[in-house]
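Okay, so here's the structure we're looking at.
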Amino acid sequence: MKRFEFRLEKLLSLRKFYEHQAEIDLAHAVAHKNYLELELKNIAKLKLKTGVEFNPSTAEININDMHNAQNYIILLDKKKDELLERLVLADEMIEKKRKVYIEAAAKRKVISKLREKKQYAWEKENIKSEEKYIDDIIT
């Protein structure tokens, strides 16, 4: 019995590789977005902590400490704005990577379906030839 051979096996392997690479790229983009979101949460916590620590009604604070706290909050606001801009860019990058992944997956699926059809036809042909061989042996 002859072994099943798919002529486009190398192409299928290449398409699987491209799909896997696109999946990895998408995962990196999502991880980067998650990192930015975590940084935004940290900035919010730092702002809250700074506001609580330098509340003028809780303790005696000199004017320099208040000025430093205000500058720190301004710095955190600038970082937050920068992170929000980077987050928008990260969302756009995720969409691009997702489209590339979907396209790569679709191209791989086309070849996979073709391989399945060819293998099914080969199995059918193989069963017929085995039945013919058995009939020849019997007669």
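Since every read-out is calculated from the coordinates, none of them should be taken as a lab result. Fair warning: this is a prediction, and the values are worked out from it, not measured in the lab. Please note: Cβ atoms are built from the backbone with ideal geometry, for glycine as well, and neighbour counts cover all protein chains shown.
Brief remarks on what is shown
- Here the chain is treated with +1 on each Lys and Arg Cβ and -1 on each Asp and Glu Cβ, and its dipole about the Cα centre works out to around 700 debye.
- Across Lys96/Lys117; Lys16/Lys124; Lys33/Lys78; Lys2/Lys109; Lys2/Lys113, pairs whose alpha-carbon gap is larger than 29 Å: Lys96/Lys117
- Against the main long axis of the alpha-carbon atoms of the chain, helix 9-53 sits at an angle near 20°.
- Contact order relative to length of the stretch 4-100, as percent, for alpha carbon pairs under 8 angstrom and 6 or more apart: 49
- Theoretical FRET efficiency, 1/(1+(r/R0)^6), r = Cβ-Cβ of Glu116 and Glu92, R0 41 Å, to 0.05: 0.70
- Environment charge at Glu92 (Cβ cut-off 12 Å; Lys +1, Arg +1, Asp -1, Glu -1): +3
- Degrees, to the nearest 10: 63-138 long Cα axis against longest axis of the chain: 10
- Length available on full extension from Tyr35 to Tyr72: 0.36 nm per residue minus the Cα-Cα distance, which gives 11.1 nm.
- Signed unit charges on C-beta, dipole axis of the chain, positive-most listed residue Ile43, Ala69, Trp122: Trp122
- Values (1) 2, 9, 11, 10, 8, 7, 7, 6, 6, 6, 5, 5, 4, 4, 3, 2, 2, 2, 1, 1, 0, 0; (2) 2, 9, 19, 20, 18, 13, 9, 6, 3, 1, 0; (3) 2, 12, 23, 27, 22, 11, 3, 1 are given for comparison; P(r) over Cα pairs in 5 Å bins from 0, in percent, derived from the coordinates here, is the one labelled (1).
- Straight-distance crosslink candidates among aspartates and glutamates, where the alpha carbon sits under 19 Å from Lys128 and sequence neighbours closer than 8 are dropped: Glu5, Glu116, Asp136
- Helix-only mean residue ellipticity at 222 nm for the chain, each DSSP H run of n ≥ 4 adding -39500 (n - 2.57), per residue, nearest 500: -33000 deg cm²/dmol
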